[in-house]
Amino acid sequence: MGYIKNFELEHGFWSLEEKYVCKDCFGDYAIQKFIEEVAESKVCDYCGRSSKKDNIAAPINDVIIFILEGINTEWGDPNNEGVG
């Protein structure tokens, strides 16, 4: 089982309700681009931004996985990095 799946199981973040977040809730360009690409909702549950015609918000669980995968790519598990 991968690091991300283990994290999900250990921390239970899947217990989050089905909520959506828009790119304006983040300052990081990579997260903003990801949200634009996978947006499924016309309303952001966090800031209240909405659109009448375009999907502007992505499922928060997908965004969390994207962020965790980015962290996992950039940073290794200390147990595997020779840290005492």
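FYI, it's all coordinate maths here, none of it is from the lab. This structure is a prediction, so every number in the text was calculated from the model and none was measured. No Cβ is skipped: glycine too gets one built from the backbone with ideal geometry, and neighbour counts run over all protein chains shown.
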- [ ] May I ask you to evaluate 6.51 cos²θ - 1.76 cosθ + 1.60, the Karplus curve with θ = phi - 60°, for each residue of the range 21-31 and list the ³J(HN,Hα) values in order in whole Hz, giving x for glycine and proline?
- [x] 10, 9, 5, 5, 7, 10, x, 7, 5, 5, 5
Task: Local electrostatic count, Ala30, Cβ distance below 13 Å [Lys/Arg +1, Asp/Glu -1] - done: -3
Open item on the list: Give me a comma-separated list of calculated 3J(HN,Hα) values for the range 42-57, in order, Karplus coefficients 6.51, -1.76, 1.60 applied at θ = phi - 60°, integers in Hz, x for any Gly or Pro.
Closed with: 8, 9, 8, 6, 9, 9, x, 4, 8, 9, 7, 10, 10, 6, 10, 10
Open item on the list: Can you give me the long-range amide H partners of Tyr20? Hydrogens built in the peptide plane at 1.01 Å from N, cutoff under 5 Å, separation of 5 or more residues or another chain.
Closed with: Asp45, Ile60
- [ ] Under a cut-off of 17 Å between alpha-carbon atoms, report the lysines in cross-link reach of Lys33, not counting same-chain residues fewer than 8 places apart.
- [x] Lys23, Lys42
TODO: Taking 7 Å along the Cα-to-C-beta vector as the label spot, tell me the Asn80-Asp28 distance in nanometres, rounded to one decimal.
DONE: 1.9
